[in-house]
Structures are given as C-alpha cells and as structure tokens.
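First the structure, in the form of structure tokens, and then the observations on it.
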Amino acid sequence: GENVEQHPSTLSVQEGDSAVIKCTYSDSASNYFPWYKQELGKRPQLIIDIRSNVGEKKDQRIAVTLNKTAKHFSLHITETQPEDSAVYFCAARKAGTALIFGKGTTLSVSS
Amino acid sequence: EAGVTQFPSHSVIEKGQTVTLRCDPISGHDNLYWYRRVMGKEIKFLLHFVKESKQDESGMPNNRFLAERTGGTYSTLKVQPAELEDSGVYFCASSQAAAVPGRGYTFGSGTRLTVV
C-alpha cells in the first residue's frame, strides 16, 4: 500500500520567513495530494491540494509543487505569520482508496 | 451544509470497558473514513466505508475494534475491550463519490478517548 514520508517533523521560523515542508510517496498510481492544517485541539482542515496532472498550484501565500517522476511534493508558505503555527499533514491517495497521511510537521512561527 | 459530526467529544473509560464512537457524515457523502491520532503523532488510517460496505479495513489494529455503517448513513466504531494503547483522538471524515479538487475530506472534530 501507499506510504508517505514527511520532513521535517518540526520547523521553527521567524515571522516573515518562508517555510517548506516536503513529502515523498511510494505508490506511483497515487494521483491526489492534499495538505491539511491542524491547530491545537481542532480538526484537520484542507488548505490546498493538487492532482497529478498539475505541477504547481498557488493560493495566496501557500503553494504546492509536485514532481511525479521523483514522487515528491512540497508545501511552501511565504511571509509566514504567527497564525500559521500549527501541525501540517501531507497525504496521498489513488482513485477509490483512502488518504494516507504523513507523520506531520509542527510549524512554529515566532514574532 | 452541516459538517461531519462526532460524539462524544471526550470519553474516559477504564481498561476492559467498552466504548462506542459515532460519526454522522455530511449528507450525500458516500465515503466515510475513520482515522486515529495517537500521542500527537501521525493521522493513522483505520477504515474506509463506501455507503454501507467496508471498502478497506486494513488499518484496523485488531479484532477489538468493530466498525459499522448502518444503511450507509452514520457510522459507529466500537472498542471492546478497551486497552491503554487505544487512547488517542479518533477522527471521522467523509467525502463525495470522487475526490473533488478543493474539497478533499471534511473531518469531524474528533473523539478524544482516554483509557485508564
């Protein structure tokens, strides 16, 4: 089955800096790659997703890139703010299956 | 639209007791998923329903866990008998028949289970 590796497990940045979180997946048939943000005590919330027929997608300060050949995808957050502090999860799936999540990255943005 | 509803929000039980968690998905969502997050670690897949059928239960840890989805609507996850290592936050999520870009899953708020 699918296996998703996520790095780093923790990331500390200064407000205004950029943050990058990287994931790799094992199943070349996976075609959908969402990113979720989970704030303390709350439910995971979808922040951005990308399909395998797209290499990059951007939504304001957040972008995701996908390299299908290398089976890598990354989350980029620019101009980080304290409210970006949370745990971020990447995930992958192929059609008809459940999302498999990475182990999460705890992002801390200090002002 | 109403979101995914889970209850109870918290449950504290003694080792050996039984607990039943419930999830009400978004109306019209055929896909329902159970996940567990233990000790702040990864969101680990447990089970996937399509309507009332178990599509994939490969993540269920052992036969102390039993999931049902009556009539393809709400789902229950029963743990019997509960062990200390079952403690964690159990999340339910639902999605439409096919993953819709920009939608993904909608998660419930989770049930925090503590086994003492």
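Throughout, read-outs are computed from the coordinates displayed, never taken from laboratory work. As the structure is a prediction and not an experimental result, all values here were calculated from the model. We place every Cβ from the backbone using ideal geometry, glycine too, and count neighbours over all the protein chains shown.
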Peptide-level mean, for A:93-106, of C-beta atoms on other protein chains within 10 Å | 5
Inter-chain shielding metric for A:38-47, i.e. average beta-carbon neighbours from other chains within 10 angstrom, reads 5
In the neighbourhood of B:Val79 defined by beta carbon distances under 10 Å, the net charge of the other residues (Lys, Arg +1; Asp, Glu -1) is 0
Cα-based shape type of the range B:34-116, given that a ≥ b ≥ c are square roots of the gyration tensor eigenvalues and the cut on a/c is 1.5 | oblate
At R0 = 41 Å the Cβ-Cβ FRET efficiency linking A:Glu79 and B:His10, nearest 0.05, sits at 0.65
Rounded to the nearest 0.05, what FRET efficiency do B:Met39 and A:Asn53 have when you use their Cβ-Cβ distance and R0 = 41 Å?
-> 0.65
In the neighbourhood of B:Ser109 defined by beta carbon distances under 13 Å, the net charge of the other residues (Lys, Arg +1; Asp, Glu -1) is +3
Among residues other than A:Ile100 whose Cβ falls under 15 Å from its Cβ, what is the net charge (Lys/Arg +1, Asp/Glu -1)?
-> +1
Under 15 Å from the B:Gln55 label point (7 Å along Cα→beta-carbon), backbone N, the range B:23-45 | B:25-26, B:28-35, B:45
Ranked output for segments B:43-53, A:86-96, B:68-78 by mean other Cβ atoms within 10 Å, highest leading, reads A:86-96, B:43-53, B:68-78
So how far apart, in nm, are the two label points at A:Asp17 and A:Asn31 if each is 7 Å from Cα heading toward Cβ?
-> 3.9
Amide H contacts under 5 Å for B:Thr5, placed H, 5+ residues apart | B:Asp24
With each label point set 7 Å from Cα along the Cα-Cβ vector, what nm distance links B:Ala2 and B:Thr20?
-> 1.9
Cut-off 15 Å, label 7 Å out along Cα→Cβ of B:Thr70, residues of the range B:26-54 by amide N | B:52
Take peptide B:104-110, look around each residue's Cβ out to 10 angstrom, count Cβ atoms belonging to other protein chains, and average those counts.
-> 6
Beyond 27 Å between alpha-carbons counts as too far, so tell me which of A:Lys58/B:Lys54; A:Lys22/B:Lys78; A:Lys58/A:Lys94; A:Lys103/B:Lys54 fall in that bin.
-> A:Lys58/B:Lys54; A:Lys22/B:Lys78
Rounded, prolate or oblate (a/c below 1.5 giving rounded, otherwise prolate when a/b exceeds b/c) for the range A:43-99 by Cα gyration tensor = oblate
